[in-house]
Amino acid sequence: MVEDDPISAARLWFVLSRASTAIGTYIERSLGQKGYCLTDFMILEALLHKGPLTISAIGEKVQLASASMTSAIDRLEERGLVHRSLSAEDRRVRLVGLTCEGRSFISDLFARHVNDLEAISTDFSQEERQVLYAALKKIGFAAKAATPPLPSHVAGLAAKVSEIQTGS
């Protein structure tokens, strides 16, 4: 492909998809060597950076279904990395937070994760990183804006499920 040839949106999507898959595989294998899956890491990372959250809020952040979230939280709780507690503001709401051991663990793991990402990004200059960042944000916002809303019966069901999960 000649640099001046126009690149179609389909080609961009294909390259973006392949890059995302390759990066995901790299990260999953790195985390797997440490005995954790990507889901566990994403949950712990969300709690590290956002503080205690409801299961539904974590699910929204890591884009995971409620049933999967419950089993993942159970698994992390069994490992002593997270705990469940009642909200001080509303005792109907249960929060998930990091234990001291969990905070220490994810802080170390996140630092290694950042190093892993830097290792595959060393060929990018700061300017290339800024251009890529802006382009990815731009296409993400465009895709979000172009996505039609859920049909009302599905959106209503999702709202009810969220209400039940948060206790509000």
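Every read-out reported here was derived from the displayed coordinates using simple, explicitly stated rules and does not represent laboratory data. Since the model is a prediction, treat every value here as computed from it, not as a measurement. Note: ideal-geometry Cβ built from the backbone for every residue, glycine included; neighbour counts use all protein chains shown.
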Just need the relative contact order of the chain here, percent rounded to a whole number, with Cα pairs under 8 Å and 6+ apart.
21
Taking neighbour Cβ counts within 10 Å as the exposure measure, how do I120, I55 sort from fewest upward?
I120, I55
Whole-Å semi-axes of the chain's equivalent ellipsoid (Cα gyration tensor)
33, 24, 13
State the Cα centre-to-centre distance between segment 20-89 and segment 109-138 in whole Å.
22
Enumerate the aspartates and glutamates that K144 could reach by cross-link, defined here as Cα to Cα under 19 Å, with residues fewer than 8 away along the same chain left out.
E60
What full-extension length gain, to one decimal in nm, is calculated for L136 and S104 as 0.36 nm per residue of separation minus the Cα-Cα distance?
8.4 nm
Distance between modelled label sites at C37 and S8, nm, 7 Å Cα→Cβ extension
3.7
Residues in segment 20-59 near a label at D90, defined as backbone nitrogen under 13 Å from the 7 Å Cα→Cβ point?
54-57
Straight-line reach from K34: which lysines fall under 30 Å, measuring Cα to Cα and dropping same-chain residues less than 8 apart?
K50, K61
Proximal aspartates and glutamates relative to K137, as straight alpha-carbon distance under 15 Å, when same-chain residues fewer than 8 apart are discounted:
E128
Tilt relative to the chain, helix 100-121 - C-alpha long axis, 0 to 90 degrees, to 10
10
Run lengths n ≥ 4 of DSSP H only: what is the helix-derived mean residue ellipticity at 222 nm for the chain, with -39500 (n - 2.57) per run over all residues, to the nearest 500?
-23500 deg cm²/dmol
Gained length - D116 relative to S20, 0.36 nm times residue gap less alpha-carbon distance
33.1 nm
